[in-house]
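The values are calculated or read from the model by the stated rules, or taken from the named source; none is laboratory data. Keep in mind that what you see is a predicted model, and the values were worked out from it rather than measured. Quick reminder, even Gly has a Cβ in these numbers, built from the backbone with ideal geometry, and neighbours come from all protein chains shown. When the accessible area is computed, the model is the full protein with side chains, heavy atoms only, and any ligands, DNA or RNA have been set aside. Shrake-Rupley method; radii C 1.70, N 1.55, O 1.52, S 1.80 Å.
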Amino acid sequence: MTVHEHLLAANDHVAAHVREHLDANGVLAVNIMSSPGSGKTRLLEATIEALRPHARIAVIEGDLETENDADRIRRHGVRAVQITTGVTCHLDATMVHDALHAIPLKDVDLLFIENVGNLVCPADFDVGAHLSVVLLSVTEGDDKPEKYPVIFRGADMVLVSKTDLLAFITEFDVGLARACVGRLGGTRPLLEVSAKTGQGIGDWTDWVLKQLAARRATHPKHEHVPSHSHAVQEAI
């Protein structure tokens, strides 16, 4: 237990440094988490297209192996840095800190961090983001917020994803999902979205832009602030 506490303390120290660097460059970072296959990458693709006229975006992708998701993001003309974690089931602040060396933050407004698909481990590790968003796919079951309360309780936004499948997966009750999230306490919003049909994407991106504007009010972007310059694995 003591080792775990020390590990988290060290991680939190690096996470604070990551946020300081993002703030100095006026960048808002959003950590996106969910179980595997909930549609994080597809959501990011739809988000990039919707926000393209309004914000400059970069993405950090976390997966155990492959660059499949990063390649999908790059096809939209957005810089994507891939972190392959091997056997580690989450991203941590050091991984994100190292990945930032490959991103010219002076040219970025929004940084999305797609965490490794997992509803347990990512909840423990602060990656230096300003906001946490958790996806709940209709293919998973409406009781997941009560089964995995830590990650949902820490979320700033919950997105019920793949709502285009609700007509076929009648076992999922959006009302019950809302009630489960509500019982966790707090006032986090819950939106229903479908990256396939576009349902709810406008509401989601409006929320993101409002968070960016609020962040910029206290941490304005200064184009002259230098970003990290050391090279790590990345491409565009």
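Using a Förster distance of 41 Å, how high is the FRET efficiency between His6 and Arg52, based on the Cβ-Cβ distance and rounded to 0.05? Please report the intermediate quantities before stating the final value.
Numbers: r = 43 Å, r/R0 = 1.04.
My answer for the efficiency is 0.45.
Return the long-range amide H neighbours of Ile113 (sequence gap of 5 or more, or a different chain), with a cut-off of under 5 Å between placed amide H atoms.
Amide H neighbours of Ile113, under 5 Å, 5+ apart: Val30, Asn31, Ile32, Ile60.
Got the relative contact order for the chain handy, in percent, Cα pairs under 8 Å and 6 or more residues apart?
Result for the chain is 28 percent.
Among (i) 114; (ii) 127; (iii) 206, find the value of volume of the Cα convex hull per residue in Å³ that was calculated from the structure presented, and write down its label.
Label of the calculated value: (ii).
In the Gaussian network model of the chain, springs joining C-alpha atoms below 10 Å, which of Gly175, Gly26, Gly202 carries the largest mean-square fluctuation?
Evaluated over the chain, the most mobile residue of the options is Gly175.
Report the accessible area of His17, computed with a 1.4 Å probe over the heavy atoms of all protein chains in place, in Å² rounded to the nearest 10.
80
For Glu65 and Ala24, FRET efficiency with R0 = 35 Å and r from the beta-carbon atoms, rounded to 0.05?
About 0.60, to the nearest 0.05.
Taking the Cα centre of the chain as the origin and placing charges on Cβ (Lys, Arg +1; Asp, Glu -1), which of Ile201, Pro104, Ile151 is farthest toward the positive end of the dipole?
Farthest towards the positive pole: Ile201.
I'd like the distance between the alpha-carbon centres of region 161-180 and region 48-95, rounded to an integer number of Å.
27
Where a ≥ b ≥ c are the square roots of the eigenvalues of the C-alpha gyration tensor, would you call region 1-64 rounded, which needs a/c under 1.5, or, failing that, prolate if a/b is larger than b/c, or oblate?
Cα axes put region 1-64 in the oblate bin.
How far, in nm, would the chain grow between Leu166 and His76 when pulled straight, counting 0.36 nm per residue and subtracting the alpha carbon separation?
Working: separation 90, 0.36 × 90 = 32.40 nm, distance 2.80 nm.
Gain in length upon complete extension: 29.6 nm.
Ordering Leu176, Leu190 by accessible area with a probe of 1.4 Å, largest first, what comes out?
I get Leu176, Leu190, largest accessible area first.
State in Å² the accessible area per residue of the chain; use a 1.4 Å probe, count heavy atoms of protein chains only, and round to the nearest integer.
Numbers: 10440 Å² over 236 residues.
Per residue, the chain has 44 Å² of solvent-accessible surface.
Rounded to a whole number, what % of the accessible area of the chain do carbon and sulfur atoms account for, probe 1.4 Å? Walk me through the intermediate numbers first.
Values: 5720 of 10440 Å².
Reported share for carbon and sulfur atoms: 55 percent.
Applying the Karplus parametrisation 6.51 cos²θ - 1.76 cosθ + 1.60 with θ = phi - 60° to the phi angles of region 114-124, what ³J(HN,Hα) value in whole Hz is obtained for each residue in order, glycine and proline being reported as x?
3J(HN,Hα) across region 114-124, in whole Hz: 8, 6, 4, x, 4, 9, 10, 4, x, 5, 8.
If amide H atoms are built 1.01 Å from N in the plane of the peptide, which residues on other chains or at least 5 residues away come under 5 Å of the amide H of Leu136?
Amide H neighbours of Leu136: Leu159, Val160, Ser161.
Over region 1-136, what is the mean sequence separation of C-alpha contacts under 8 Å (at least six apart), divided by residue count, expressed as relative contact order in percent?
Relative contact order comes out at 43 percent.
Report the relative contact order of region 54-99, percent, no decimals, based on alpha-carbon pairs under 8 angstrom and at least 6 residues apart.
Relative contact order for region 54-99 comes out at 41 percent.
Please give me, ordered by residue number, the GluC sites (Glu not before Pro) of region 117-187 that lie in loop per DSSP and have at most 14 other Cβ atoms within 10 Å. Write down the numbers at each step before the final one.
Numbers: sites: Glu140, Glu146, Glu171; in loops: Glu140, Glu171.
Sites meeting the loop and neighbour criteria: Glu171.
Please compute the net charge surrounding Arg188, taking Lys and Arg as +1 and Asp and Glu as -1 over other residues with Cβ under 10 Å from its Cβ.
Values: positive: Arg153; negative: Asp156.
Spelling it out: positives minus negatives among the neighbours equals 0.
Around Asp142, what is the net charge, scoring Lys/Arg as +1 and Asp/Glu as -1 over all other residues with Cβ under 14 Å from its Cβ?
Here the count lands on -1.
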